[in-house]
Amino acid sequence: MNAMLATGGSPDDLAQQRRAFYDRIGQAHCTPLWEVLHSLVTKEPNTPCLPNLWRWDQVWPWLQESGTLISAMEAERRVLVLENPGLRGRTRITHSMYAGLQLILPGELAPSHRHSQSALRFIMHGAGAYTTVDGERVTMQVGDFVITPSWTFHEHGNESSEPMVWLDGLDLPVVELLDAQFREDGSRTATEADRGANANLARFGNTMKPVGFRSRSRTSPLFWYPYERTREALQTLRRSEDPHACWGHKLQYTNPVTGDWAIPTIGTFMQLLPADFRGTSYRSTDSTVYVVVEGEGRCVIGEQVLAFGPKDVFVCPSWMPYRLETSSDTVLFSYSDRPVQEALDLWREQY
Ligand code: 1HN
């Protein structure tokens, strides 16, 4: 028995021999699996992501203050990153997703660039600023969901008289994991030549598509999902069906041509929870970012109660059970890495 094990020594000797061995092989970039195996292959998800809520009332004054400290042009993007408390210094709100709140003041321009990361804009405050997607201009309203597809040139401008804030959601950590990131600055800035995005809505926003249309990308060719339409759909559902016990009335944004996710790496959703909703417990493997559009309520998660109101942002980590409760009619936008997990047969939920 144990013929090959170093013998004769005390446990201390053995521990010392092991350390010396690890040091020796470590110099040639080798390391023993048995020291880390159980933390690598865990019984259940073991995410560093923690539940957290960012209150609009707290963040909004800081956004305004940032507007006095740096211009959109100098910053390139004037954004306060929402950094998960379990992932400080890593520029992300969950292990796989980035979130930030971007401020653009009247008269400002955030210059053109493109990158391989996909982005979503979810409009939170103000009205009338625009973003462009390869020269098509969307004038944004609160509650609108706008896509900046991978590798499309985009810039933002504000020709209105109010500050505007939206949430940027990006798949940065996913693209970083895969070491597949590219970026390029644009040479142009917004011009009169920009086309309005109403044509985009007309082409793809009515369960129809232009004859002969062939997509070159998996991202939805529809990049503007106005809140007015989403809200009306949820209101109609509310009148015609019982709410689901966990998530109320919930729709996912789709690529209207394929029926698949709107963004290949980011799942996006909007749900309506009626007043006094008492959701039952739910969990899934996709850590999820919620943005409160309307209403008040709470998310009960672990030992915590995240009390939310309009424009708050909160996060539910992978596989932690949570319940959603409301005191008034509530509309929640949310996003996660669900399309990535589904594509890889990894996604699970339980309720
Ligand atoms: C970006 O391009 C934008 O275009 C916002 O508005 C936030 C965060 C990281 C990397 C690129 C934008 C970003 C970003």
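The values are calculated or read from the model by the stated rules, or taken from the named source; none is laboratory data. As the structure is a prediction and not an experimental result, all values here were calculated from the model. As a convention, Cβ positions derive from the backbone with ideal geometry for all residues, glycine included, and neighbour counts pool all protein chains shown. SASA here: full protein model, heavy atoms, side chains in, ligands and nucleic acids out. Shrake-Rupley method; radii C 1.70, N 1.55, O 1.52, S 1.80 Å.
Numbers at a glance
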| item | result |
| --- | --- |
| Selected residue [open to solvent by 10 Å² or more (accessible area, probe 1.4 Å), within 30 Å of residue 209 (Cα to Cα), acidic (Asp, Glu) and touching a residue at least 24 places away in the same chain (Cβ under 8 Å)] from 312, 276, 260, 329 | 260 |
| Only one of 39, 66, 96, 10 that is closer than 30 Å to residue 299 by Cβ and more than 25 Å from the chain's Cα centre (by Cα) | 39 |
| Residues that are of a type in the set (A, V, I, L, M, F, W, C) and either closer than 19 Å to residue 239 by Cα or open to solvent by 20 Å² or more (accessible area, probe 1.4 Å) (or both), drawn from segment 288-299 | 293 |
| Where residue 336 falls short, out of the listed (1) surrounded by 23 or more Cβ atoms within 10 Å (Cβ to Cβ); (2) over 15 Å from the mean Cα position of the chain (by Cα); (3) not aliphatic (A, V, I, L, M) | (2) |
| Failed criterion for residue 343 (all others in (1) open to solvent by 50 Å² or more (accessible area, probe 1.4 Å); (2) small (Gly, Ala, Ser); (3) in contact with a Gly (Cβ under 6 Å, 6 or more places away or on another chain) hold) | (3) |
| Scope segment 236-260; condition under 18 Å from residue 200 (Cβ atoms) and either of a type in the set (A, V, I, L, M, F, W, C) or under 16 Å from the mean Cα position of the chain (by Cα) (or both); matching residues | 253, 254, 257 |
| Options 285, 268: the member that is out of contact with any helix residue (DSSP H, G or I) (no Cβ under 7 Å at 6 or more places or on another chain) and either surrounded by fewer than 21 Cβ atoms within 10 Å (Cβ to Cβ) or touching a residue at least 40 places away in the same chain (Cβ under 8 Å) (or both) | 268 |
| Among residues of segment 128-143, those that are in contact with a helix residue (DSSP H, G or I) (Cβ under 9 Å, 6 or more places away or on another chain) and either within 15 Å of the ligand (Cβ to nearest atom) or open to solvent by 20 Å² or more (accessible area, probe 1.4 Å) (or both), counted | 5 |
| Single match in 205, 248, 259, 169 (criterion: more than 26 Å from residue 125 (Cβ to Cβ) and modelled with pLDDT of 95 or more) | 259 |
| Tally, over segment 319-348, of residues that are among the polar types (S, T, N, Q) and in a helix (DSSP H, G or I) | 1 |
| Matching strands (runs of 3 or more DSSP E) fully within segment 14-127 where at least 2 residues are open to solvent by 30 Å² or more (accessible area, probe 1.4 Å) and within 13 Å of the ligand (Cβ to nearest atom) | 79-81, 109-115 |
| Residue 224 vs. criteria within 16 Å of the ligand (Cβ to nearest atom) and either at pLDDT below 95 or aromatic (Phe, Trp, Tyr) (or both) | yes |
| Test: residue in segment 112-128 that is touching a Cys at 6+ places or on another chain (Cβ under 9 Å), in contact (Cβ under 8 Å) with a residue 12 or more places away in the chain and within 25 Å of residue 308 (Cβ to Cβ) | no |
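Matching residues to (1) farther than 22 Å from residue 76 by Cα; (2) open to solvent by less than 20 Å² (accessible area, probe 1.4 Å); (3) within 16 Å of the ligand (Cβ to nearest atom):
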site	(1), (2), (3)
154	no, yes, yes
168	no, yes, yes
176	no, no, yes
243	yes, no, no
